Amino acid sequence: MSDNLSVLGKARADYKPKLPLSLRKGPLKVLVNSGKATESVRDQDKIKALFPNTYGVPVLTFEGSEERQTSGGPLNVGVVLSGGQAPGGHNVIAGIFDGIKAVIGSSKLIGFLGGPGGLVSGKYIEIDRELMSKYRNTGGFDIIQSGRTKLESTEQFDKCIEVVKQLDLNAIVIIGGDDSNTNAAILAEYFAEKKVPCSVIGCPKTIDGDLKNEYIETSFGFDTAVKTYSELIGNIERDANSAQKYWHFIKLMGRSASHIGLEAALQTHPNVCLISEEIKEQKLTLEEVVNSIADVIVGRSADKKNFGVALIPEGLVEFIPEFGILISELNEALANNEAEIKNAGKVADMAEVACKHISEASAKLLKSLPEGIQLQLMLDRDPHGNVQVSLIETEKLLIEMVSKELTSRAFKSKFAALNHFFGYEGRCAAPSNFDADYCYSLGYAASVLVLHGKTGYMASVRNLTKGIENWVAGGVPVTMMMNIERRHGADKPVIQKALVDLNGKPFKYFAEHRDSWAKGEEYLYPGPIQYFGPSEVCDVTNYTLMLEHDAPLPL
């Protein structure tokens, strides 16, 4: 990292993250309280059989103590960043670092380079005070970089054991999303089976917001990412309201769930926001989705408002039932007939050949799509041979199809649309005060779990809307969050994804207000993330959490 920090960067480096009361006297003075035995959210017998050594352990809650609770020898801890970047990852590492150094100064933090692959290959650096000081309160994962290697084979696990023994590690902390924490739990189970005295602890990371439950109220990075996107959306809303001649279609990150879109809508009040889970629940067709947007455009035009803002979740097409079937059938068709389809010539010819190998309904849908989308569906595949849905330009698809629908309605006004995709803009933003504090607390909680020899746990900090003095730190068994899902033709234990709850308070609040937002200009302009200023501005968390926990919205 360059030492040439901006003025803000230098000031931000001086920010001192706050800790819950239970952690403020240091790891040695934390009383670890155990709850009742736990079980997985589903498929209990199958999960228990797969995790005989780590299943059923209790939820842990930390309590501050005046008395020293355990002796503390040097701790050697490895840390891994896994998956996509999320704001606050560096503060998790800082929390681990400060936690183990508070046990004894000779403790060491080893950073494995390039994600889980660095753990397997034994590529690492030691994170010392000088290096750590350069990354506190910063965005990104560049202190040790991330990676997407999955830890799932016996060969990988055995190499991890070799690295653990070579470095004399007491623990490995894996910072990642649902898949990464699933892999952490599998590694913890393998170590326990082989009687390797090394804990494996997870930390909940993903800006998509789909790693959440009763004990993981939010994954870190979500708060910052959505505030960053909402600032940009607010800027565009201000521009739309100023120029009054463009419709802006904005695709937002979130393939597996629409939490980002919902939270951004709560913060900015756009004219249209699609929620993938609602579309799937109502079994809407692509045509019906297009018509719903066209209805809003026509309605606003009747009031001389030929402008607006629409938010589109990245994974929308997979939630439209007919589109999901098309994608599945195309995956199969290309797996067996790739050369025939790709060598057909022009896009229209490729589509014609592909239609021979899919159902009549899917063929009709494929032919109705713009050529650019047809091409993306037929050419862009991931390493498993599946359509890369994140590369489908859904916002452009909707613009073209809405334009076609308006033409069919003999729409007299002008429809001029611009498309945007907000993704990488939010993944590495400097963390908000909330994420800076939350991430630091997660890392510090992980150090307590390590000190007490716990394994197969995810660090947890909850009660997040009650003020940091009332935050509750502890640990949650990863197996408690698991179920069995079909992945690549086999049953796999995975952490259950949390989708937008259509009966939850955040969605209900959105549903109650969206018709009003569609018609008027009730736009909110959040502005830049505020780090310094009144607490009600710079320390407030996101609207989703506030609504879920009955905290008043800052309106």
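Before moving on, here are some points about what is shown:
- Among (1) in contact with an Asp or Glu (Cβ under 7 Å, 6 or more places away or on another chain); (2) modelled with pLDDT under 95; (3) under 18 Å from ASN183 (Cα atoms) - the single one TYR525 does not satisfy: (3)
- Inter-residue pairs, beta-carbon under 7 Å, first on the phi > 0 side of the Ramachandran plot and assigned to a loop (DSSP other than H, G, I, E, B) and in segment 15-39, second modelled with pLDDT of 95 or more and buried (at least 17 other Cβ atoms within 10 Å of the Cβ), 6+ apart: GLY26/ALA102
- Single match in ILE143, ILE172, ILE201 (criterion: under 26 Å from the mean Cα position of the chain (by Cα), within 17 Å of VAL77 (Cα to Cα) and in a loop (DSSP other than H, G, I, E, B)): ILE143
- Single match in ALA185, ALA240 (criterion: under 30 Å from TYR424 (Cβ atoms), assigned to a helix (DSSP H, G or I) and either among the β-branched types (Val, Ile, Thr) or in contact with a helix residue (DSSP H, G or I) (Cβ under 7 Å, 6 or more places away or on another chain) (or both)): ALA185
- Residue under evaluation GLY111, criteria (1) free of Cβ contacts under 8 Å to residues at least 40 places away in the same chain; (2) of a type outside the set (S, T, N, Q); (3) surrounded by fewer than 16 Cβ atoms within 10 Å (Cβ to Cβ); (4) touching an Asp or Glu at 6+ places or on another chain (Cβ under 9 Å), criterion not met: (3)
- Taken together, the residues in segment 40-59 that are in a helix (DSSP H, G or I) and charged (D, E, K, R) amount to 3.
- Number of the exception - ALA410 against (1) assigned to a helix (DSSP H, G or I); (2) on the phi > 0 side of the Ramachandran plot; (3) aliphatic (A, V, I, L, M): (1)
- With respect to the conditions (1) in contact with a helix residue (DSSP H, G or I) (Cβ under 6 Å, 6 or more places away or on another chain); (2) in a strand (DSSP E or B), ILE125 lacks only one, and its number is (1).
- Considering residues of segment 425-464 that are β-branched (Val, Ile, Thr) and not in a loop (DSSP other than H, G, I, E, B) only, the residue nearest to ILE201 (Cα to Cα): VAL450
- The residue that is surrounded by the most Cβ atoms within 10 Å (Cβ to Cβ), among those in segment 151-169 that are at pLDDT 95 or above and assigned to a loop (DSSP other than H, G, I, E, B), is LEU169.
- Residue match in segment 158-181 (condition: in contact with a Lys or Arg (Cβ under 8 Å, 6 or more places away or on another chain), more than 30 Å from ILE275 (Cα to Cα) and without any contact (Cβ under 8 Å) to a residue 40 or more places away in the chain): yes
- In segment 493-509 there is no residue matching the filter, namely being in contact with a strand residue (DSSP E or B) (Cβ under 6 Å, 6 or more places away or on another chain), part of a helix (DSSP H, G or I) and not small (Gly, Ala, Ser).
- Taken over segment 264-290, the residue count meeting the criterion of being assigned to a helix (DSSP H, G or I) and crowded, with 17+ Cβ neighbours inside 10 Å is 13.
- Residues being out of contact with any strand residue (DSSP E or B) (no Cβ under 9 Å at 6 or more places or on another chain), surrounded by fewer than 22 Cβ atoms within 10 Å (Cβ to Cβ) and among the small types (Gly, Ala, Ser) - total across segment 115-150: 3
- Pairs are defined by a Cβ separation below 8 Å, a sequence spacing of at least 6 or placement on different chains, a first member in segment 515-526 that is closer than 15 Å to ALA302 by Cβ and in contact (Cβ under 8 Å) with a residue 40 or more places away in the chain, and a second member that is surrounded by 15 or more Cβ atoms within 10 Å (Cβ to Cβ) and of a type in the set (Val, Ile, Thr); the pairs so defined are ALA518/VAL272; ALA518/VAL296.
A quick yes/no check of all residues on (1) within 20 Å of PHE319 (Cα to Cα); (2) touching a Gly at 6+ places or on another chain (Cβ under 8 Å); (3) among the aromatic types (Phe, Trp, Tyr):
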position	(1), (2), (3)
ASN483	no, no, no
LYS492	no, no, no
LEU499	yes, no, no
LYS508	yes, no, no
SER516	no, no, no
TYR523	no, yes, yes
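- Any hit, segment 57-80, residues being within 26 Å of the chain's Cα centre (by Cα) and of a type in the set (D, E, K, R): no
- Per the conditions (1) surrounded by fewer than 24 Cβ atoms within 10 Å (Cβ to Cβ); (2) of a type in the set (Asp, Glu); (3) touching a Gly at 6+ places or on another chain (Cβ under 8 Å), the sole criterion not satisfied by GLU425 is (3).
- From the list SER328, SER432, SER408, the one residue that fits, being free of Cβ contacts under 8 Å to residues at least 12 places away in the same chain and either in contact with a helix residue (DSSP H, G or I) (Cβ under 6 Å, 6 or more places away or on another chain) or under 24 Å from ASP295 (Cα atoms) (or both), is SER408.
- Restricting attention to segment 215-239 and to residues that are among the charged types (D, E, K, R) and in contact (Cβ under 8 Å) with a residue 24 or more places away in the chain, the residue that is farthest from GLU152 (Cα to Cα) turns out to be ARG238.
- Pairing each residue of segment 74-85 that is farther than 15 Å from ILE174 by Cβ with any residue that is of a type in the set (Asp, Glu), provided the two are 6+ apart or on different chains, yields C-beta distances under 6 Å for ASN76/ASP168.
- Scope segment 291-317; condition more than 23 Å from LEU502 (Cα to Cα) and assigned to a loop (DSSP other than H, G, I, E, B); matching residues: ASP303, LYS304, LYS305, ASN306, PHE307
- Scanning segment 510-548 for residues that are hydrophobic (A, V, I, L, M, F, W, C) and either part of a loop (DSSP other than H, G, I, E, B) or surrounded by fewer than 18 Cβ atoms within 10 Å (Cβ to Cβ) (or both) turns up ALA511, LEU524, ILE529, PHE532, VAL537, CYS538, VAL540.
- Any chance ASP208 is assigned to a loop (DSSP other than H, G, I, E, B) and modelled with pLDDT under 95: yes
The values are calculated or read from the model by the stated rules, or taken from the named source; none is laboratory data. Since this is a predicted model, take the numbers as computed values, not measurements. Here the Cβ is made from the backbone with ideal geometry for all residues, glycine too, and neighbour counts use every protein chain on show.
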